[in-house]
1. Starting from segment 93-110, keep only residues that are touching a residue at least 24 places away in the same chain (Cβ under 8 Å), then list their pairs with residues that are surrounded by 10 or more Cβ atoms within 10 Å (Cβ to Cβ) and of a type in the set (D, E, K, R) whose Cβ atoms are within a distance under 8 Å, requiring at least 6 positions of separation or different chains.
2. Would you call Leu62 at pLDDT 90 or above and within 21 Å of Ala15 (Cα to Cα)?
3. Within segment 83-100, is there a residue that is outside any helix (DSSP H, G or I) and in contact with an Asp or Glu (Cβ under 9 Å, 6 or more places away or on another chain)?
4. Can you name every residue in segment 137-162 that is more than 11 Å from Ala48 (Cβ to Cβ), among the aliphatic types (A, V, I, L, M) and either crowded, with 16+ Cβ neighbours inside 10 Å or in contact (Cβ under 8 Å) with a residue 40 or more places away in the chain (or both)?
5. Among the candidates Phe89, Phe17, Phe54, single out the residue that is over 24 Å from Pro178 (Cβ atoms) and modelled with pLDDT of 90 or more.
6. Examine segment 182-199 for a residue that is modelled with pLDDT under 90 and under 20 Å from the mean Cα position of the chain (by Cα), and state whether such a residue exists.
7. Before we move on, is Ala76 assigned to a helix (DSSP H, G or I), under 16 Å from the mean Cα position of the chain (by Cα), on the phi < 0 side of the Ramachandran plot and not basic (Lys, Arg)?
Amino acid sequence: MKYMRYLKNHSRLIAGFVLAAFAGGFLGFAVQAGETAAWNCRGGLLSAFGSVSFGLFFWIVLGTVVSLHSRCGLHASLLMLCMLTPVLFGYCVFSHMTGGFLNHSLLYFGALMLLPAAAAAWVLRASNDRRSMQIFLCAAGVLAIAFDLGNRASASRTSLLLMLLLSAVYFRTVFRMPVSPRRTRRSRNRYAVYAAGRG
């Protein structure tokens, strides 16, 4: 009964973790399918997605959006783990199902980056210095875009459009970055003290 009450009170939170896990698994399938299409030079939207998701900027956008739409630092960290871990499993499962090439170096790198990504999500959501974090994120985004475009000898029009769409989502999220919950609580406490003093 106690556990049922806990599940009922936190149903939305648990549903969010489950949804993140399913989204991560689907994303792992999509990344491997897109990478296969890009390597075979098939063209089209799937190939463009594989080219873009192979770069650094795609994952920065994903991590930033998930982190900044979380409740707090801990929630952001757990969401990142719930999403990125199934990405690796989906990537492997799709490769074994289709008999495609499995990039072990990329897989090991993704596994090594799980905990750093979770820690970065925590810091990003819990940071009290909103202005400095926005400057840092904008600079990181511009550098990641330049790095990805510089590593592509030839980029299709569709992949460039996807990069443009990702850039719009990223910078819109950064400029609308919410204030950390801790800072919000401090502001409310200060206002309560100020209102009590006036009363």
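The values are calculated or read from the model by the stated rules, or taken from the named source; none is laboratory data. Remember, it's a predicted structure, so these values are computed and weren't measured experimentally. Note that each Cβ is placed from the backbone with ideal geometry, even for glycine, and that neighbours are counted across all protein chains shown.
1. Close Cβ pairs (under 8 Å, with a partner that is surrounded by 10 or more Cβ atoms within 10 Å (Cβ to Cβ) and of a type in the set (D, E, K, R)) amount to Asn103/Glu35.
2. Details: at pLDDT 90 or above: yes; within 21 Å of Ala15 (Cα to Cα): yes.
Yes: the conditions hold for Leu62.
3. Filtering segment 83-100 down to residues outside any helix (DSSP H, G or I) leaves 99-100.
Still in the running and in contact with an Asp or Glu (Cβ under 9 Å, 6 or more places away or on another chain): 100.
There is at least one residue in segment 83-100 that is outside any helix (DSSP H, G or I) and in contact with an Asp or Glu (Cβ under 9 Å, 6 or more places away or on another chain).
4. Leu137, Ala140, Ala144, Ile145 - these are the residues of segment 137-162 that are more than 11 Å from Ala48 (Cβ to Cβ), among the aliphatic types (A, V, I, L, M) and either crowded, with 16+ Cβ neighbours inside 10 Å or in contact (Cβ under 8 Å) with a residue 40 or more places away in the chain (or both).
5. On the way: Phe17 fails: over 24 Å from Pro178 (Cβ atoms); Phe54 fails: modelled with pLDDT of 90 or more.
None of the other options fit; the residue is Phe89.
6. Kept after step one, since they are modelled with pLDDT under 90, are these residues of segment 182-199: 182-199.
After this cut, where a residue has to be under 20 Å from the mean Cα position of the chain (by Cα) as well, the list is none.
No; the residues of segment 182-199 include none that is modelled with pLDDT under 90 and under 20 Å from the mean Cα position of the chain (by Cα).
7. Details: assigned to a helix (DSSP H, G or I): yes; under 16 Å from the mean Cα position of the chain (by Cα): yes; on the phi < 0 side of the Ramachandran plot: yes; not basic (Lys, Arg): yes.
Here the answer is yes, as Ala76 does meet what is asked.
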